[in-house]
Amino acid sequence: MKIGLYFGTFNPIHVGHLIIANHMVEHADLDQVWLVVTPHNPLKKKSTLLDDYHRLQMVFLATEDYPKLKPSDIEFKLAQPNYTVNTLAHLEEKYPNHEFSLIMGEDNLKSLHKWKNYEAILEHHEIYVYPRISVEDENLEFKNHPKIHIIDAPVVEISSTAIRSNIKLGKNVRPLLPEKVWEYIDHNLFYKK
């Protein structure tokens, strides 16, 4: 089985994440997309993150009606900080019959050369890239790499950061979230402070 791994803090998961994940599983040669909830992205302040299991629960609620999309807590059990190369090695050991690929935005592709052991990742895994609006010059270093596939997915500019800010301001963000996720956030009064 060919699995696309879509990593994120999903703080919270929103309809943009679902649009990208669903597009990848329907239009790339993937059998499933696993939404891997990252306990702590080294580039993000931990204080703004909801508890890992609340974020996992929101991903579960968001994906339960999509049989090809699966929540994953695989990184909860690994040493922190999480490095993608280590997560991939762990997954290959645990699921030897699966083939794992990465899903990332074009913005992440531009910084791939800064990732720990990125050469090993590229040697053993395919990467599916979705477009992002960007003002930076294109980094063509990886564009023509045989393991990198640029997928003509919808450009979605919804941000979890903006959603959290708007909830704090008392704005209605309901259209940006899967219904069950919005209810979970509203019921638990998340992001209000």
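Please specify each residue of segment 155-173 satisfying the condition of being over 17 Å from the mean Cα position of the chain (by Cα) and farther than 11 Å from His14 by Cβ.
Scanning segment 155-173 gives Ser165, Asn166, Ile167, Lys168, Leu169, Gly170, Lys171, Asn172.
Check every one of the strands (runs of 3 or more DSSP E) wholly within segment 1-81 and list those with 3 or more residues that are in contact (Cβ under 8 Å) with a residue 60 or more places away in the chain.
So the answer is 2-8.
With respect to the numbered conditions (1) in contact with a Lys or Arg (Cβ under 7 Å, 6 or more places away or on another chain); (2) surrounded by 19 or more Cβ atoms within 10 Å (Cβ to Cβ), which one is the sole condition not fulfilled by Tyr83?
With (1) in contact with a Lys or Arg (Cβ under 7 Å, 6 or more places away or on another chain); (2) surrounded by 19 or more Cβ atoms within 10 Å (Cβ to Cβ) applied to Tyr83, the lone miss is (2).
State which residue is modelled with the lowest pLDDT when the search covers only segment 1-59 and only residues that are among the basic types (Lys, Arg), within 18 Å of Ser159 (Cα to Cα) and open to solvent by 10 Å² or more (accessible area, probe 1.4 Å).
Lys44
The values are calculated or read from the model by the stated rules, or taken from the named source; none is laboratory data. Please read these numbers as outputs of a predicted model, since none were measured by experiment. Here Cβ is always computed from backbone atoms with ideal geometry, including for glycine, and neighbour counts include all displayed protein chains. Surface areas here come from the heavy atoms of the whole protein model, side chains and all, with no ligands, DNA or RNA. Shrake-Rupley method; radii C 1.70, N 1.55, O 1.52, S 1.80 Å.
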